[in-house]
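Enquirer: Questions regarding the structure given below will be posed in turn.
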Amino acid sequence: MALRIHFTARDLAHTRVTTGPDVMWELASSLHRLQAPRVAERYRPWLRHVRGRLDRTHLRGVVRLLTTLVPRRGDFPDFLTPPGSSGFGESLECVAATPAVRMRRELAAAFAAGRRPVPAWVRLLADGDREARRDLLTALAVYHRELLRPCLDEAREAVRGQRDVLGKHVLDGGLDQLLSSLSPSIRWTAPVLRADYPCEKELRLGGRGLTLVPSFFCCDSPVTFINPELPPVLVYPAAGQSSRPQAPQSLAAVLGRTRALAMRELLRPCSTTELARRVGVSAGTASRHAAALRKAGLITSTRQGPAVMHVATPLGRELAASG
């Protein structure tokens with residue numbers, strides 16, 4: 001089965017690639033990864049972070065509510081991924097401002113034909129219940145802050161790398177080469193872009209152009225809006241995503257494998273929580289490694305609001321480079 005996107009000459013002129021990850025599409029795709037029985041290696045540090053947080057906090061209820069709307073498979077409402085928003089705050093405002101008629105229509109479509117049961121909370125949301133809408137907005141905000149935001153730096157790197165690759169394709173071979181190199185699941189035979197998809201779907205751009213959205217958390221079929229009248233987007237897996245870092249053997253022999261990984265990761269500033277996610281350990285373990293590296297003069301640590309930020313010192317950079 002395939003999604004077929006039909007281009008005109010005007011559409012080619014108005015095709016663009018997002019400058020960074022779309023946080024709401026990443027949020028939705030991350031919920032898919034969270035429910036998958038098996039995930040790629042690159043997501044495992046994030047999953048360890050999520051599961052550690054779920055074991056210690058109230059976040060299970062947040063995840064349960066959001067996965068009601070974004071199941072492992074099947075449709076989810078378009079209003080969760082508003083187009084054109086510049087960041088999470090603006091996106092959340094767009095979700096909050098979704099007209100009740102549209103929210104009811106999209107929820108009905110997502111739960112149509114008895115494919116899955118409709119929980120009472122979803123019925124309240126569809127009926128315009130203010131408390132149910134507040135619950136949704138709160139769940140999105142908490143999930144973003146506690147579970148998604150720690151990995152957004154990695155998502156930005158993946159999208160930045162994809163943009164660099166696509167830019168080279170445009171310079172070398174124009175839009176034909178760009179559209180032919182997006183993903184193994186996407187094929188370009190002018191004037192139609194075909195993508196693997198859960199169902200047969202035709203999308204005629206009609207001069208509106210297409211926004212390409214490389215995504216860190218999208219790793220299966222590309223995704224687009226259900227409603228063809230919305231601004232056309234294609235969310236697809238960002239190629240060349242980084243795998244978990246490996247500690248150089250010489251550095252690991254001196255510091256130990258995990259601490260060597262932490263040292264290499266701290267060539268870029270990050271918080272204790274982010275360090276834990278990058279290295280694949282608990283926050284407490286990351287804090288102990290950071291303390292040992294700081295005592296040795298290899299990193300510095302400064303408090304920025306509620307977070308403690310760490311970064312390698314010149315001595316630490318020299319040691320990491322020599323490893």
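The values are calculated or read from the model by the stated rules, or taken from the named source; none is laboratory data. Only a predicted model underlies this, so the values are computations on that prediction, with no experimental measurement involved. Positions of Cβ are backbone-derived with ideal geometry, glycine not excepted, and every protein chain shown enters the neighbour counts. What goes into the accessible areas is simple: the full protein's heavy atoms, side chains included, and nothing from ligands, DNA or RNA. Shrake-Rupley method; radii C 1.70, N 1.55, O 1.52, S 1.80 Å.
Enquirer: With charges only on Cβ, +1 for K and R and -1 for D and E, what is the dipole size of region 1-151 about its Cα centre, in debye, rounded to 20? Display every interim value, and only then the final one.
Expert: Details: 26 positive and 15 negative charges, 124 e Å.
In debye, rounded to 20, region 1-151 gives about 600.
Enquirer: As an exercise, use a Förster radius of 56 Å and the Cβ-Cβ distance of GLU229 and THR285 to find the FRET efficiency, rounded to the nearest 0.05. The partial results should precede the final answer.
Expert: Details: r = 50 Å, r/R0 = 0.89.
Once rounded, the FRET efficiency stands at 0.65.
Enquirer: What dipole magnitude, in Debye to the nearest 20, does the chain give about its Cα centre under +1 on Lys/Arg Cβ and -1 on Asp/Glu Cβ?
Expert: Working: 47 positive and 29 negative charges, 217 e Å.
Magnitude of the dipole: close to 1040 debye.
Enquirer: On to the next question. Please compute the per residue accessible area over the chain with all protein chains in place, 1.4 Å probe, rounded to a whole number of Å². Please report the intermediate quantities before stating the final value.
Expert: Values: 15580 Å² over 323 residues.
About 48 Å² of surface per residue is accessible.
Enquirer: Additional query: For the chain, the longest stretch holding no GluC sites (Glu not before Pro) located in a DSSP loop with at most 12 other Cβ atoms within 10 Å is which? Please report the intermediate quantities before stating the final value.
Expert: On the way: sites that count: GLU200, GLU229.
That gives 1-199 as the longest site-free run.
Enquirer: Can you list which of the trypsin sites (Lys or Arg not before Pro) found in region 51-125 are DSSP loop residues with at most 14 other C-beta atoms within 10 Å? Walk me through the numbers on the way to the answer.
Expert: Details: sites: ARG51, ARG53, ARG56, ARG60, ARG64, ARG72, ARG73, ARG102, ARG104, ARG105, ARG115, ARG123; in loops: ARG72, ARG73, ARG115.
Of the trypsin sites (Lys or Arg not before Pro), the ones in loops of region 51-125 whose Cβ has at most 14 other Cβ atoms within 10 Å are ARG72, ARG73, ARG115.
Enquirer: Something else: Each label point is 7 Å from the Cα along the Cα-to-Cβ direction; what then is the distance between the points at ASP176 and ALA292, in nm?
Expert: Distance between the two pseudo-spin positions: 5.7 nm.
Enquirer: When only the heavy atoms of the protein chains count and the probe is 1.4 Å, how do THR15, THR302 rank by accessible area, highest first? If you can, show how the numbers build up before the last one.
Expert: Working: THR15 25, THR302 75 Å².
The ranking, largest first, comes out as THR302, THR15.
Enquirer: Quick check on region 131-244: take the gyration tensor over C-alpha atoms, sort the square-rooted eigenvalues as a ≥ b ≥ c, and tell me if it's rounded (a/c under 1.5), prolate or oblate.
Expert: Details: a/c = 2.32, a/b = 1.34, b/c = 1.73.
Oblate, since a/c reaches 1.5 and b/c is not below a/b.
Enquirer: Further question: Starting from the exponent 0.38 and prefactor 2.2 Å, build the expected Rg for region 1-114 from its residue count and divide its actual Cα Rg by it.
Expert: Working: Rg = 16.8 Å, N = 114, 2.2 N^0.38 = 13.3 Å.
My calculation over the Cα atoms of region 1-114 gives 1.26.
Enquirer: Here is a follow-up. Gain in length, ALA141 to ARG44, computed as 0.36 nm per residue apart minus the alpha-carbon separation, to one decimal in nm?
Expert: On the way: separation 97, 0.36 × 97 = 34.92 nm, distance 2.28 nm.
Gain on stretching ALA141 to ARG44: 32.6 nm.
Enquirer: Ok, one more. Leaving out ligands, DNA and RNA, what percent of the accessible area of region 91-241 is carbon and sulfur, probe 1.4 Å?
Expert: On the way: 3960 of 7220 Å².
For region 91-241, the apolar C and S fraction of the accessible surface comes to 55 percent.
Enquirer: Would you tally the net charge around LEU54, using a Cβ to Cβ cut-off of less than 13 Å, leaving LEU54 out, and scoring K and R as +1, D and E as -1? Working shown, then result.
Expert: Details: positive: ARG48, ARG51, ARG53, ARG56, ARG60, ARG64; negative: ASP55, GLU146.
Residues near LEU54 contribute +4 overall.
Enquirer: Moving on to the next point. If each residue of separation counts as 0.36 nm, what is the full-extension length gain between ASP153 and GLU131 once their alpha-carbon separation is subtracted?
Expert: On the way: separation 22, 0.36 × 22 = 7.92 nm, distance 3.29 nm.
Result for the pair: 4.6 nm of gain on full extension.
Enquirer: Between CYS199 and ALA108, what FRET efficiency comes out of the Förster formula 1/(1 + (r/R0)^6) with R0 = 22 Å and r the beta carbon distance, rounded to 0.05? Each step should come with its number before you reach the end.
Expert: Values: r = 18 Å, r/R0 = 0.81.
It comes to 0.80.
Enquirer: For region 167-191 and region 36-114, what is the centre-to-centre distance using only Cα atoms, to the nearest Å?
Expert: So the separation of the two Cα centres works out to 30 Å.
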